[in-house]
Amino acid sequence: MKYFIGNWKMFGVPNSIYILKKINTFCSKDKNRKKYRVIITPPFTLIEKFAKIFKDKKISIGSQNCYHKDPFSSNTSAVSPYMIKSVGAKYTLIGHSDNRNEGDNDHLLKSKVQFALKNKLKVIFCIGENKVEKKNKKTIVVLKKQLQNVLEKKFNKKDIIIAYEPIWSIGTGKLPTSLELKKTAIQIKKILKNIFKRKSPAVLYGGSVDEKSIKIFKEINEIDGFLIGGASKSSKKFIDIIKNYYR
Ligand code: 13P
């Protein structure tokens, strides 16, 4: 099973539902539809509406983050996993580099993962090295720390998806080579097999994935899907990504 996950970031109003309707229409007729799953993470404001409309459809809805307390607290602007689950989301991103940048550390991220899983939200846990770390050949050391500091054997690996998003690739058009990515994905799965004892959760790639760049990822069997930012805001681009992947 492959995953195509669209992360809308700070984008969308209620009318933006038309984008998902077009994607849903494509997916329900696609001859490859049984081979993949589509998940969209709109901003908090749209989760309830979108989750209702796409209940039992080809698209699942997730949140882009969640708070590290549960179910309620006195923290202004915080939204808990319990609250997210209660409006119909099935997934949540945790650890996106945007949020790590804003102060999410491993300790907070671990609480977020624990509360999300407790509320039966599947977790898309994001990891990735920055430009300097890559230049200094620290990629695997960084990824290993990000994974080992947060994930535990007792978490059910079926409820966890890993999204490898090199920070230098997000929104820049810069891509790892397929050989580089294949090697990194193999290393990530090795680390995960160590944590979870034997089998690894799915590992996705994110960073400048669009209808053109998707072609270079087709041959990398170790990659179980994609986390797509900019290109997920256009139904045409998102559909073309899926089409070109299976072409
Ligand atoms: P882009 O696809 O715009 O590079 O963003 C990737 C991302 O951060 C998805 O979470």
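Tell me, what is a quarter of the convex hull surface for the C-alpha atoms of the range 29-104, in nm² with one decimal? Present the calculation step by step, with values, prior to reporting the outcome.
Working: hull surface 24.3 nm².
Spelled out: convex hull of the Cα atoms, projected over all directions, averaged, 6.1 nm².
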Keeping every protein chain in place, order Ile186, Ile47 by accessible area at 1.4 Å, biggest value first, i.e. largest first. Ile186, Ile47
Given backbone amide H placed at 1.01 Å from N, residues whose amide H is under 5 Å from that of Ala163, ignoring those fewer than 5 places away on the same chain, are Phe125, Cys126, Ile127, Leu204
When Lys and Arg each count +1 and Asp and Glu each count -1, what net charge do the other residues less than 12 Å away from Lys55, Cβ to Cβ, add up to? +3
From the cross-link list Lys22/Lys58; Lys35/Lys85; Lys35/Lys158, which pairs have alpha carbons spaced over 19 Å apart? Lys35/Lys85
Give a quick list of GluC sites (Glu not before Pro) in the range 203-242 that DSSP marks as loop, anything other than H, G, I, E or B, with at most 10 other Cβ atoms within 10 Å. Glu219
Cα-Cα over 25 Å, subset of Lys31/Lys112; Lys144/Lys183; Lys154/Lys189: Lys31/Lys112
Shape metrics for the range 106-210, restricted to C-alpha atoms - Rg then Dmax, Å: 13.6, 39
Point-charge dipole on Cβ atoms (K/R +1, D/E -1) for the chain, about Cα centre, debye to 20: 1020
Which whole-number percent gives the relative contact order of the chain, counting Cα pairs below 8 Å spaced six or more residues apart? 19
How compact and how long is the range 1-139, expressed as Rg and Dmax of its alpha-carbon atoms in Å? 16.1, 49
Pick from Lys85, Lys29, Lys233: which is most flexible by mean-square fluctuation in a GNM of the chain where alpha carbon atoms under 10 Å apart are linked? Lys29
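If you count only protein heavy atoms with a 1.4 Å probe, what accessible area per residue comes out for the range 1-123, rounded to a whole Å²? Can you show the working numbers first?
Working: 6350 Å² over 123 residues.
Dividing the accessible area of the range 1-123 by its residue count gives 52 Å².
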Compute the signed sum of charges (Lys and Arg +1, Asp and Glu -1) over the other residues within less than 13 Å, Cβ to Cβ, of Lys137. +2
Pop a pseudo-label 7 angstrom from the Cα along the beta-carbon direction at both Lys154 and Lys215 and give the gap in nm to one decimal. 4.9
Separation between Cα centres of the range 168-204 and the range 49-114, rounded to whole Å: 23
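What is the Å³ per residue value for the convex hull set by the Cα atoms of the range 205-247? Can you show the working numbers first?
Numbers: hull volume 2.6 nm³, N = 43.
Normalising the Cα hull of the range 205-247 by residue number yields 60 Å³.
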Taking a quarter of the surface of the Cα convex hull of the chain, what do you get in nm²? 12.4
Debye intensity ratio I(q)/I(0), log10, the range 8-66, q values 0.20 Å⁻¹ (C-alpha model): -0.72
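The values are calculated or read from the model by the stated rules, or taken from the named source; none is laboratory data. All values reported here derive from a predicted model rather than from experimental measurement. In this analysis, Cβ positions are derived from the backbone assuming ideal geometry, glycine residues included, and neighbour counts consider all displayed protein chains. Accessible surface is based on the protein model in full, side chains and every heavy atom, while ligands, DNA and RNA are left aside. Shrake-Rupley method; radii C 1.70, N 1.55, O 1.52, S 1.80 Å.
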